[in-house]
1. When the residues of segment 10-31 are filtered to those that are within 15 Å of the ligand (Cβ to nearest atom) and of a type outside the set (A, V, I, L, M, F, W, C), which remaining residue is surrounded by the fewest Cβ atoms within 10 Å (Cβ to Cβ)?
2. Considering only residues of segment 41-71 that are in a loop (DSSP other than H, G, I, E, B) and either buried (at least 23 other Cβ atoms within 10 Å of the Cβ) or within 16 Å of the ligand (Cβ to nearest atom) (or both), which is modelled with the lowest pLDDT?
3. Across segment 149-179, which residue is farthest from the ligand (Cβ to nearest atom) among those that are basic (Lys, Arg) and within 27 Å of GLU120 (Cβ to Cβ)?
4. Cβ-Cβ under 6 Å, sequence separation 6+ or interchain: first residue in segment 18-32 and among the aliphatic types (A, V, I, L, M), partner within 8 Å of the ligand (Cβ to nearest atom). Which pairs?
5. Scanning segment 127-148 for residues that are assigned to a loop (DSSP other than H, G, I, E, B) and away from the ligand (no atom under 12 Å from the Cβ), which turns out modelled with the lowest pLDDT?
6. Pairs, please: C-beta under 9 Å, at least 6 apart or cross-chain, first residue of a type in the set (A, V, I, L, M, F, W, C) and in segment 183-195, second modelled with pLDDT under 95 and in a loop (DSSP other than H, G, I, E, B)?
7. How many of the residues in segment 139-182 are polar (S, T, N, Q) and touching a residue at least 12 places away in the same chain (Cβ under 8 Å)?
Amino acid sequence: MNSESPADAPAQRCGLVAIVGRPNVGKSTLLNTLVGQKISITSDKAQTTRHRIVGVRTVGAAQFVFVDTPGFQTAHAAALNRTLNRTVQGALADVDAVLFVVEAGRFDLADAKVLALIVEATGGGGAGKPVLLVANKLDQVRRRTDLLPWLKGMQERHPFAEYVPLSARSEADAARLLDIVRPYLPEQPWLYDEDALTDRSERFLAGEIIREKLFRLTGDELPYASTVVIDQFEEEGDLRRIAATIVVERDAHKGMVIGQGGERLKRIGSEARQELERLMDAKVFLELWVKVRSGWADDDAHLRSYGYE
Ligand code: GDP
């Protein structure tokens with residue numbers, strides 16, 4: 001809440017913030033803590049086609065709009081082909097700040113690749129846009145002083161705008177991070193109404209989460225052309241019944257999604273379900289199907305069901 005008197009009330013600030021980093025550094029965890037329990041998401045108000053708005057948090061006069069960055073979010077980052085490179089660059093071109101998440105005390109080849117992409121996409125340090133180093137999982141660092149030489153090393157690697165060691169699970173740390181990011185948001189009116197943002201479309205969210213798991217767990221095998229369609233979304237009190245179809249281009253892709261003995265599909269479903277339950281604070285019954293899109297005919301006949309749990 002804003003406690004300043006109207007005379008010196010700060011102007012509204014609003015900006016796009018990208019959270020990037022190699023898989024497993026804690027990006028989703030951080031996003032969840034930053035935007036609160038339930039992700040606030042809108043499907044109909046997305047500002048650009050380059051971004052997917054994954055969460056919005058308004059604190060005082062500042063509105064933080066968190067965006068997803070294709071290519072960084074999934075195992076596809078390992079591929080780093082040219083097309084992907086361009087996608088990433090496009091996505092980072094118009095954000096106002098980049099949160100580069102790593103694990104405190106670690107910096108491996110995958111981190112280096114992500115950083116190289118960021119630097120390329122943001123124009124490097126100096127006049128480039130602010131890249132803030134978020135050193136996550138601070139709780140796993142035994143002695144904070146051990147981190148000092150590492151931070152110094154990071155400083156030499158890139159002139160980050162800020163260095164923020166934290167634990168993504170900590171609400172207090174997330175609040176501190178927002179304070180640090182605030183000055184980097186441009187002064188401009190909010191894009192979103194403060195209250196209009198809760199839980200606009202759980203259905204949309206379901207599709208996005210399944211899609212994210214799909215790409216994360218298939219690595220760079222699966223072409224981006226694959227999509228997820230939500231066939232059914234029903235709310236029954238504390239229960240959400242969701243049926244979704246993963247649509248792939250070829251039979252071979254279907255095999256990739258399903259995996260040996262259905263293992264991969266099972267994992268996609270179970271990870272998506274767990275995340276959705278957390279985000280929606282509800283029990284989720286999720287049924288996943290895989291379907292090959294045929295250019296010639298409706299191939300519903302080939303539809304196969306892999307329900308579980
Ligand atoms: P992402 O792949 O970058 O989105 O990473 P996730 O958010 O899925 O986190 C990867 C793993 O790290 C999960 O098991 C998280 O629970 C864990 N994790 C995330 N943040 C922290 C943290 O601050 N401390 C610890 N100890 N673990 C964390």
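The values are calculated or read from the model by the stated rules, or taken from the named source; none is laboratory data. Owing to the predicted nature of the structure, the values given are computational and were not obtained by experimental measurement. All Cβ positions, even for glycine, are placed from backbone atoms using ideal geometry, and neighbour counts span all protein chains on display.
1. Among residues in segment 10-31 that are within 15 Å of the ligand (Cβ to nearest atom) and of a type outside the set (A, V, I, L, M, F, W, C), the one surrounded by the fewest Cβ atoms within 10 Å (Cβ to Cβ) is ASN24.
2. Within segment 41-71, the match that is modelled with the lowest pLDDT is ILE41.
3. Restricting to residues being basic (Lys, Arg) and within 27 Å of GLU120 (Cβ to Cβ), the top hit is LYS152.
4. ILE19/LYS27; ILE19/LEU31; VAL25/VAL101; VAL25/ASN136; LEU30/ALA168
5. ALA127
6. As it stands, the answer is LEU185/ASP96; TRP190/GLN12; TRP190/ALA61; LEU191/LYS45; LEU191/GLN47, since those pairs meet every condition given.
7. Of the residues in that region, 3 qualify.
Per-residue answers, yes or no, for (1) in contact with a helix residue (DSSP H, G or I) (Cβ under 9 Å, 6 or more places away or on another chain); (2) polar (S, T, N, Q); (3) modelled with pLDDT of 90 or more; (4) not in a strand (DSSP E or B):
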{"position": "LEU178", "(1), (2), (3), (4)": "yes, no, yes, yes"}
{"position": "ASP195", "(1), (2), (3), (4)": "no, no, no, yes"}
{"position": "LEU205", "(1), (2), (3), (4)": "yes, no, no, yes"}
{"position": "LEU222", "(1), (2), (3), (4)": "yes, no, no, yes"}
{"position": "VAL228", "(1), (2), (3), (4)": "yes, no, no, no"}
{"position": "ILE242", "(1), (2), (3), (4)": "yes, no, yes, no"}
